[in-house]
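*Asks:* I have a structure here, written as structure tokens, and I will follow up with some questions on it.
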Amino acid sequence: MNQAAPKPHSLPVPETDALEHSRRLTAYLADAIGANGGWLPFDRFMELALYAPGLGYYAAGAAKFGRLAADGSDFVTAPELTPLFARTLARQIGEIFEQTGDAQVLEFGAGSGRLAADLLLALDAEGTPCGQYSIMELSGELRARQRATIEKAAPHLLDRVTWLDRLPDAFHGTMIGNEVLDAMPVRLWARRPDASAEPVWFERGVVLTPEGFAWEERRYTGPLPQALNALADLPPTQEYLTETHEAASAFVRSVAPLLARGVLLLIDYGFPAREYYHPQRAGGTLMCHYRHHAHDDPFYYPGLQDITAHVEFSGIADAGVEAGLDLLGFTSQARFLMNAGIVDLMSALDPTDPETFMPAAAAAQKLLSEAEMGELFKVIAFGRAMDEWAGLVGFVNGDRSHAL
Ligand SMILES: C[S@@+](CC[C@H](N)C(=O)[O-])C[C@H]1O[C@@H](n2cnc3c(N)ncnc32)[C@H](O)[C@@H]1O
């Protein structure tokens, strides 16, 4: 089955050098398709489009994170939105430091370095300073940007930060990743009824046509990923597009053994399996972000836009637990931030100072509102060797681990 992708209309036209960059990545992707016999499974396409050395979206110079399209950015994340996010997270991390005595953070995929800078400052201000802040970042370009951000915002704390080339053999402390899982490649699946109306599964991949990249679905006869069993009861004639998250699960399985004592906190948008593989979510969750426009065409200017899928948190929970970690909690971002004290932090701001108070109030509203990030974003926490613990403050009310 071969379908040309619909082109998103009315998106801003890239600058000449950006177009040239995208042309080089497009040629690279075309070679990869050719080398794979003319068809590339989507997860490999996504991996290359985002991380091909020197060319992929995260590996090269696009601005990516920021508040406005005018600054050349494509999307905003919670740490970019407001330092209140890091300050609230610092309360949770400070609690972990105090209880374990391990004042270390390991951040995965630190983006612009905003979260690292603001966390270091907030942990100091809370009287629970971070002794060592390590960053595991795939992109050399982002490492340089992270260093510059921390140097500007917290120059006196820069010597506590190290960038890792490989993961440590054992880590004692708090591992965090904000919006990292959603940036990991996904496999794409299509369930389509055949002539006898029996459902048949296809894996979606990418081919090259004279008009550019296009979808091609290949009949899949191997054992289906276990996650798709959740769809066994769909009506036989229902068409369904979805994703599976092998790379995100593999990531959790690979970092879990390194956590000798402490907590792994992952924050991202997504749902437990029951909601993720819901009959009504029949179009999947694959999304692209270009200059703050969201659309669903991953073939639009490769290298210039983010490609992402929502996280399937039951699979993440299984991966962590199978790798020997304890599940410590799962809740919405709003609930987590409220539990950890965002309201206290807000009330400490001066409401008569419109320059700081109004933007902080607007950003907090975005972080907490059910209609924005508050409900769609979730926080999941795993731990090891935390048996004598009372639990994490972020999950004291509204823990939804049972929904996973
Ligand atoms: C959507 S950005 C989020 C950036 C930042 N955490 C924030 O919240 O602004 C995704 C980040 O994850 C990184 N990333 C993706 N896979 C990774 C992996 N396996 N290990 C470490 N970082 C990874 C990307 O390079 C990028 O920095």
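The values are calculated or read from the model by the stated rules, or taken from the named source; none is laboratory data. Computed from a predicted model, the values in this text were never measured in an experiment. Every residue, glycine as well, gets a Cβ built from its backbone with ideal geometry; the counts of neighbours run over all protein chains shown. Note: areas computed on protein heavy atoms with side chains; ligands, DNA, RNA excluded. Shrake-Rupley method; radii C 1.70, N 1.55, O 1.52, S 1.80 Å.
*Asks:* Failed condition for M136, given (1) under 19 Å from G394 (Cα atoms); (2) open to solvent by 10 Å² or more (accessible area, probe 1.4 Å); (3) within 15 Å of the ligand (Cβ to nearest atom), with all others met?
*Replies:* Only one criterion in (1) under 19 Å from G394 (Cα atoms); (2) open to solvent by 10 Å² or more (accessible area, probe 1.4 Å); (3) within 15 Å of the ligand (Cβ to nearest atom) is unmet by M136, namely (1).
*Asks:* While we're looking at this one, here's another question. Could we say that L106 is within 15 Å of the ligand (Cβ to nearest atom), part of a strand (DSSP E or B) and in contact with a Gly (Cβ under 8 Å, 6 or more places away or on another chain) here?
*Replies:* yes
*Asks:* Now a separate question. Which numbered condition in (1) open to solvent by less than 40 Å² (accessible area, probe 1.4 Å); (2) of a type outside the set (G, A, S); (3) over 22 Å from L164 (Cβ atoms) is the only one that Y28 fails?
*Replies:* Result: Y28 fails condition (1) only.
*Asks:* Within segment 147-165, does at least one residue satisfy the condition of being touching a residue at least 12 places away in the same chain (Cβ under 8 Å), near the ligand (Cβ under 9 Å from one of its atoms), of a type in the set (K, R) and open to solvent by 40 Å² or more (accessible area, probe 1.4 Å)?
*Replies:* No, there is no match, as no residue in segment 147-165 is touching a residue at least 12 places away in the same chain (Cβ under 8 Å), near the ligand (Cβ under 9 Å from one of its atoms), of a type in the set (K, R) and open to solvent by 40 Å² or more (accessible area, probe 1.4 Å).
*Asks:* Related question: Can you tell me which of (1) in a helix (DSSP H, G or I); (2) open to solvent by 10 Å² or more (accessible area, probe 1.4 Å); (3) not polar (S, T, N, Q) is the one L119 doesn't meet?
*Replies:* The one condition L119 does not meet is (2).
*Asks:* Would you confirm, using the coordinates I've provided, whether R187 is in contact with a His (Cβ under 9 Å, 6 or more places away or on another chain), closer than 18 Å to P41 by Cα, away from the ligand (no atom under 15 Å from the Cβ) and not acidic (D, E)?
*Replies:* So R187 passes the test.
*Asks:* Does at least one position in segment 374-392 carry a residue that is out of contact with any strand residue (DSSP E or B) (no Cβ under 8 Å at 6 or more places or on another chain) and modelled with pLDDT of 95 or more?
*Replies:* So far as segment 374-392 goes, no, none of its residues is out of contact with any strand residue (DSSP E or B) (no Cβ under 8 Å at 6 or more places or on another chain) and modelled with pLDDT of 95 or more.
*Asks:* If you take the residues in segment 166-184 that are surrounded by 14 or more Cβ atoms within 10 Å (Cβ to Cβ) and away from the ligand (no atom under 16 Å from the Cβ), which one is farthest from A116 (Cα to Cα)?
*Replies:* Looking at the filtered set, the residue picked out is H172.
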